[in-house]
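Here the structure is laid out as C-alpha cells; the discussion comes afterwards.
The values are calculated or read from the model by the stated rules, or taken from the named source; none is laboratory data. The structure displayed is predicted, hence computed values, not measured ones. Here the Cβ is made from the backbone with ideal geometry for all residues, glycine too, and neighbour counts use every protein chain on show. The area values use the complete protein model at the heavy-atom level, side chains included, leaving out ligands, DNA and RNA. Shrake-Rupley method; radii C 1.70, N 1.55, O 1.52, S 1.80 Å.
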Amino acid sequence: MRHTIPTLLVLVCTGPGLRADALTDLTVRLKPLRAQTPITLKLEQTSTEWDEGKERKEVRTLKVAEGPGGLKVLEDSGASSAFRSTKAPGDPTAKKGDSQWRRQLRAQEDLLEELEKATLVGESPEVLEGRPVRRLRLKLSLDLDEEARKHVKRSTMEATLWLGADGLPVAMERRIDLEVRAMIFVKVWTKVNSRYRFVRVQDRLITTEATDAVEGEAMGHPFKVRVTVRATPLP
C-alpha cells in the first residue's frame, strides 16, 4: 500500500494538467509583446496559382511601417488585386477584417488567437538548425459556428511549434484538412499546409517567412495556390 501514493504522484505530475502548462507558459510569454515600438519591414510576396493546367505567378515588393499612427505602406510595386491578401485564397483561417500584414508585423496576436482553443498533444526536446528547441504538437480549433459545423464532413487542424531558449516560437507548421458538403451535389474540400519562421524584434514577434500552400476542389473545379511572404526589418 505504501507504494500507491508515490505512484499516484508520478501519474499526476506527468498527466495532462502539467503538460498543458506548456501552453499557459507560452501564452504568458506572448502577451507582454505589445508591439508599441515602431518598425519598418521590407516585404517580398510571391504568389503562384495553378488553374486548368496553367500557372500564373506574381511578385510584389513593399515597404511597410507601423508605429503610433498605425500601419503605413511606404512603397508598393503594385500586384494585381487577386493576391492582395497574405492569406492564400481558400485558407479557412482567414477572418474578415484581418489587418493585411498583421502576421508579419505582430505574429504574437495570430498565435494567441490560435492558442486560445488549442490542445497540447505532445511536447519534446529537439534540435532545429543546430539549436536546442522545445517542440510542441497542438490540436487547433477551426472555431466554426453551429450552422457551419453541420456541413463539415471531415476536419483536421493541427500544428507544431518550435520554441527557442527564451520560450518564444521560432518556427511553426500547420496543417488543415477540411471537407464540406452543403447539399447533395455541392462538395468542397481544402487542404492548407503552412510554414512560418519567427524572430523577436523588441516588443513584437515578426514573421520573417510565411508560406501557405492551398489546394482543393469546389463543385468539381480544382484549385491550387501558394503564397510566400518574406519580411526583412529595416533600420
Verdict on Val152 being within 19 Å of Val227 (Cα to Cα) and out of contact with any helix residue (DSSP H, G or I) (no Cβ under 7 Å at 6 or more places or on another chain): no
When both residues are 6+ apart or on different chains and their Cβ atoms are under 6 Å apart, which pairs have a first residue that lies in the range 28-55 and is open to solvent by 90 Å² or more (accessible area, probe 1.4 Å), and a second that is in a loop (DSSP other than H, G, I, E, B)? Arg29/Gly167; Arg29/Leu168; Arg34/Asp203; Gln36/Asp203
Any pair with Cβ under 8 angstrom, 6 or more apart, that starts in the range 101-120 at a residue that is within 14 Å of Arg29 (Cα to Cα) and ends at one that is part of a helix (DSSP H, G or I) and β-branched (Val, Ile, Thr): Leu112/Thr27; Leu115/Thr27
Any idea which residue in the range 204-219 is farthest from Arg174 (Cα to Cα), counting only those that are open to solvent by less than 10 Å² (accessible area, probe 1.4 Å) and among the small types (Gly, Ala, Ser)? Gly216
Among (1) part of a strand (DSSP E or B); (2) open to solvent by 70 Å² or more (accessible area, probe 1.4 Å); (3) over 21 Å from Glu49 (Cβ atoms), Pro222 falls short only on (3)
Scan Gly70, Gly15, Gly53 and give me the residue that is at pLDDT below 95 and under 25 Å from the mean Cα position of the chain (by Cα). Gly70
Which of the residues belonging to the range 165-203 are open to solvent by less than 20 Å² (accessible area, probe 1.4 Å) and part of a loop (DSSP other than H, G, I, E, B)? Gly167, Leu168
Is there a residue being assigned to a strand (DSSP E or B), over 21 Å from Leu33 (Cβ atoms) and not acidic (Asp, Glu) anywhere in the range 204-211? yes
